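The values are calculated or read from the model by the stated rules, or taken from the named source; none is laboratory data. Not measured: the values here are computed from a predicted model. No Cβ is skipped: glycine too gets one built from the backbone with ideal geometry, and neighbour counts run over all protein chains shown. Heavy atoms of the whole protein, side chains included, go into the accessibility calculation; ligands, DNA and RNA do not. Shrake-Rupley method; radii C 1.70, N 1.55, O 1.52, S 1.80 Å.
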Amino acid sequence: MTPDRARQLLEFYQDLGFKTIYRRPTTTMLPVLPLAPAHDTLDKISQDIGDCKRCRLHEQRNRIVFGSGSEQARLVFVGEGPGADEDAQGMPFVGRAGQLLTQMIDGTAAKEGIPIKRPDVYICNVVKCRPPDNRTPEPDEMEICGQFLFRQLKSINPRAICALGGTAAKALLGTKEGVTRLRGKWHKWSGIPVMVTYHPSYLLRPYNQNAKREAWEDLKTVLHYVYD
Ligand code: SF4
């Protein structure tokens, strides 16, 4: 990172109220991770986002998609970014992929005798505004918006995080490894266990039956870890 870019980032964090920062390991693609302000809450983070124009993704969005679920959630799912349905409704994972995620959470929990449903977990994305044509978020967009994701995670402080797809895995773990290699094993973000699995939109493709089975296995592992 150039000194100018570092200065811009530091000024940006200062505007957000951060007083202290520390550097993540050099393997990560998100080089600076601010400590969450004391007594941070989801409401405070949402207020700080406001009518955000901090990255170019604001240009074509209709609604900021902050996240949904319980502030006391013991499990947080992190996806990539809003799609068209989410952008229209301002809620994460409400389109076809979202319906599959709901089925997976509710269905797996019921089958495994775990008394939770989707509203008991928290669901959000790495970027809060829909990338045009559903493209993958750019690294700078992930870096800027990722700070709000990190504050959400710090504020909720769940027992585990489930990263849905490669973009979420990259944002949290700073790795370039693909989901196929990362899934099924525990990783860590800021001391919190992270399970990586496939994004539900990938599972909707008809030829991905194996991935579907593996995603259900990953979810089973996460649910038992968090709720047993
Ligand atoms: S994606 Fe995040 S940082 Fe970019 S404009 Fe939207 S809320 Fe702001």
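Numbers below:
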read-out	value
Sum of -39500 (n - 2.57) over DSSP H runs of 4+, divided by residues of the chain (222 nm, nearest 500)	-12500 deg cm²/dmol
Amide proton proximity set for GLY184, modelled H, under 5 Å, gap of 5+	VAL196
Fraction of antiparallel bridges per DSSP, the stretch 101-213 only, in percent to nearest 5	50
Apportionment of accessible area to carbon and sulfur, the stretch 85-228, percent (1.4 Å)	48
Degrees separating the helix 139-156 axis from the principal Cα axis of the chain, which is the longest one	70
Surrounding net charge for ASN125, when Lys and Arg each add one and Asp and Glu each subtract one, Cβ distance under 15 Å	0
Residue-normalised accessible area of the chain, given per residue in Å² at a 1.4 Å probe	49
Residue (of VAL121, VAL196, GLN89) at the positive-pole extreme of the chain, dipole from beta-carbon charges	VAL196
For the chain: rounded, prolate or oblate by the Cα gyration tensor [a/c cutoff 1.5]	prolate
With all protein chains modelled, accessible area of PHE12 [1.4 Å, Å²]	30
Over 18 Å between alpha carbons, listed pairs LYS117/LYS220; LYS188/LYS212; LYS154/LYS220	LYS188/LYS212; LYS154/LYS220
Vicinal HN-Hα couplings computed from phi for the stretch 83-90 (Karplus, 6.51 cos²θ - 1.76 cosθ + 1.60; Hz; Gly/Pro x)	x, 5, 5, 5, 4, 6, 9, x
Between the stretch 181-221 and the stretch 37-53, the Cα center-to-center distance that results, in Å	29
Hydrodynamic radius (Kirkwood) for the stretch 107-201, which is based on Cα pairs only, to one decimal in Å	14.3
Phi-based couplings in Hz for the stretch 165-171 (Karplus 6.51, -1.76, 1.60; Gly and Pro marked x)	x, x, 5, 5, 5, 5, 5
Theoretical gain in end-to-end length, ARG159 to ASN210 [0.36 nm per residue, Cα-Cα removed]	15.6 nm
Antiparallel DSSP beta bridges within the chain, as percent of all bridges there, nearest 5	45
